[in-house]
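Read through the structure below, which is laid out as structure tokens, and then see the notes.
The values are calculated or read from the model by the stated rules, or taken from the named source; none is laboratory data. Quick caveat, the model's predicted, so the values are computed rather than measured. Counting neighbours? That spans all protein chains shown, and the Cβs are built from the backbone with ideal geometry, glycine included. Ligands, DNA and RNA are excluded from the accessible area calculation, which covers all protein heavy atoms including side chains. Shrake-Rupley method; radii C 1.70, N 1.55, O 1.52, S 1.80 Å.
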Amino acid sequence: TQILFISSFLSCFKRKCWFQSRLSNRKMKMYQTNINQNIAPKQYIKRLNTHHQQSRPLRCRYSSTPPRANDESEWLEYKVGDLLELVAVNDGEGKGNGEKMYFEVVEKFINDKNDDSDVSFNGYIDGLEYQLDVSKPLKEARLHTREGKDEFVSSVPEELLTFCPEFGILHKELVRTNKYPVVDNNRHKQTIQVDWVKHEKITDLTELKTKASENPDFWSLGTTPSQPPLSTIERLTLNAGEIYALLAGNRPLALIQLYAPFVEDGRVQPIDCPFVKRALKELVTTSPQIFSCVACHIEGSTTLSAVFYPNISPNKERAALLASFGAQGALVAQSPYYGVLIGECLGYTRENIYHHVKNTCNLRGDISKAVLDQVALDLLECSPVEPLQRWRNGYDDDALNLTANGNRRKRRRKKKSSVVSSPSVEALEAFLGKKR
């Protein structure tokens, strides 16, 4: 009996030691820490992940998702030239809740008085003048029409109206007939309450000008075959970026839509997109003035674009060629001939031109040799001078660059030029692919 008791005791003792050893090893593996990883129980991992999410920064200025929280000082950081994304708050009628609005800051005022507003901004939303007042004590941000006016105002630079007389005449008529500025009653209110937390700067004028000068491919080479859909920033600043690329010498021409009656209700006129008016004012007031423009209009229509170009060849001759058939910046040419011709005049790469034309014209095969030969012939008749990819060295280059790669530009043999007829409805039909 004693022998059996001792044997049973030793057996239990060995099992206990074995279990303790296994438990000790598991704990060591569970909480062992090395340079690369920590191994912990699932419940601790869940708690750590939850804590990590809660301890993220309260706000990310350039995040594509709505910020989680905010601080009053963020409003004070905004400055002139910023493009802000604001979110409208429900106005009590079920309208405007969550709608995004893009506010271009043109003036900033810090209020020293002991009133509710700490900072105010003047700027544009969809081309309309608004004032943004921010009150830290009330934690309130509110948009309202400038100076409390009952009507909406959308100012176009007087310098632009003088520089392009055709647009000056048209703009005066549009204002008289209440066709401009364009107001969406569901979107544009006299007063708009803005979400105190959901706001951020998405870009600024300095960043746009730097990219248009130093990395201009997006605005100067055309749409690439692999280009993804435009982001919000790219869509909003497309026209302004093209103008600044021209100002920096990275585009030969800029075809800008000044008024488009075919733009659907609720959509913004191209000239009212962020930074466009500011960019056009810079272009038409350069000193010395090295730019000119030619209007592209269609007889019997208020549709109007303008080609802005430097006063060198072949840029000025090609601008006149575009105006001869009334090319429009907001219309896509449905004719392979006009699609290739416009792309060549605007300085896009041929790979991108052909890809764009094949897609827009629904071509199953390549563009015909006859069309390409006709485009080459018409460009040669327009001007025998070879175009420059970069004709100016940045915004501060006053002298026009008349050489290409250090050599004088060669002139091709000029053939007999064709007579340019005034744009008409027939020209527009041909541009849209109904003819030729």
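In table form, for the structure just shown:
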| item | result |
| --- | --- |
| Distribution of pairwise C-alpha distances over the stretch 237-300, 5 Å bins, in % | 3, 16, 25, 24, 17, 9, 4, 1 |
| Arg267 accessible area, 1.4 Å probe, all protein chains in place, Å² to nearest 10 | 150 Å² |
| Rg/Rh (Cα only; Kirkwood hydrodynamic radius) as it applies to the stretch 319-386 | 0.94 |
| Extension reserve of the Ala370-Arg235 stretch, reckoned as 0.36 nm per residue once the Cα distance is removed | 45.1 nm |
| Hull-based mean projected area of the stretch 163-266, where the convex hull spans the alpha carbons, in square nanometres | 9.9 nm² |
| Within the stretch 292-327, backbone nitrogen closer than 20 Å to the virtual label 7 Å beyond the Cα of Glu159 toward Cβ | 292-295, 306-312 |
| Of all accessible heavy-atom area on the stretch 148-279, the percent that carbon and sulfur account for (1.4 Å) | 51 percent |
| Projected-area mean, the stretch 225-369, by convex hull of Cα positions, square nanometres | 9.8 nm² |
| Nonlocal amide H pairs with Tyr259, under 5 Å, H built at 1.01 Å | Leu304 |
| Net lengthening on full extension, Asn178/Leu363 (0.36 nm per residue, minus Cα-Cα) | 62.4 nm |
| The stretch 294-313 versus the stretch 221-262: alpha-carbon centroid distance in Å | 16 Å |
| Accessible surface of the stretch 291-332 [probe 1.4 Å, protein heavy atoms]: carbon and sulfur percent | 49 percent |
| Solvent exposure of the stretch 188-274 as accessible area per residue, Å², 1.4 Å probe | 41 Å² |
| Rounded accessible area of Asp272 (nearest 10 Å², 1.4 Å probe) | 10 Å² |
| Additional length obtainable on full extension of the chain from Ser301 to Glu151, 0.36 nm per residue less Cα span | 51.3 nm |
| Listed peptides 319-332, 361-374, 218-231 by packing density, highest first (mean Cβ within 10 Å) | 319-332, 218-231, 361-374 |
| Mean Cα-pair separation over length for the stretch 182-306, i.e. relative contact order, pairs under 8 Å, 6 or more apart, % | 24 percent |
